[in-house]
1. Only residues that are within 13 Å of the chain's Cα centre (by Cα) and charged (D, E, K, R): list them for segment 15-70, please.
2. Sort out which residues of segment 74-91 are surrounded by 15 or more Cβ atoms within 10 Å (Cβ to Cβ), over 21 Å from His7 (Cα atoms) and in contact with a Ser or Thr (Cβ under 9 Å, 6 or more places away or on another chain), and write them in order of number.
3. Does Val95 qualify as being among the aliphatic types (A, V, I, L, M), closer than 30 Å to Thr134 by Cα and not assigned by TED's automatic domain parsing to the domain that holds Glu117?
4. In segment 95-112, which residues are in a helix (DSSP H, G or I), surrounded by fewer than 15 Cβ atoms within 10 Å (Cβ to Cβ) and within 15 Å of the chain's Cα centre (by Cα)?
Amino acid sequence: MGIIRNHRLWEVFLVDKLGFRWDEVHDLAEQLEHIHSEDLTNKLDKFLGFPKADPHGDPIPDANGVLPKSKSVLLSSLKAGEEGTFTGVTDHSPVFLNYLDKNAISLGNSIKVTSIEEYDQTYTLQLTGKKEVTVSFKVVNSLLVSR
């Protein structure tokens with residue numbers, strides 16, 4: 001859990017403190033995660049205010065390696081009329097994260113499934129602020145929401 005903790009804390013640092021976008025931090029965090037200093041990791045955690053999740057919504061293990069339990073589910077498990085809050089992604093690729101940015105789908109958004117096309121499983125979603133967006137099943141199968 002140490003490397004996962006380091007990686008996710010570095011991602012938070014890079015986004016929150018250095019202004020990197022969420023699609024830019026994975027490779028940098030991959031390099032930084034290999035700095036093996038428990039003291040540095042603990043001080044970084046404290047400096048960041050003990051974040052519970054990284055910029056992609058992935059939970060950060062605590063200092064004892066305990067990973068918080070996630071109650072998030074795939075958006076694809078919701079039926080038309082149901083809603084949740086966007087909490088994370090299962091696809092961390094820059095191209096996917098850029099797609100989400102382009103469609104104004106951001107962590108913390110309220111997302112309501114307004115319809116699901118029977119033919120190809122295309123979802124129409126209503127986002128925070130009443131914006132509607134139509135996305136593929138592949139997209140909703142890569143988004144995590146809490147209910």
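The values are calculated or read from the model by the stated rules, or taken from the named source; none is laboratory data. Quick caveat, the model's predicted, so the values are computed rather than measured. Methodologically, a virtual Cβ is constructed for each residue, glycine included, from the backbone with ideal geometry; neighbour enumeration extends over all protein chains shown.
1. Arg21, Asp23, Lys52, Asp54, Asp58
2. Leu75, Ser76, Glu83, Gly84, Thr85, Phe86
3. Against the criterion (among the aliphatic types (A, V, I, L, M), closer than 30 Å to Thr134 by Cα and not assigned by TED's automatic domain parsing to the domain that holds Glu117), Val95 does not qualify.
4. Hits for segment 95-112 are Val95, Asn98, Asp101.
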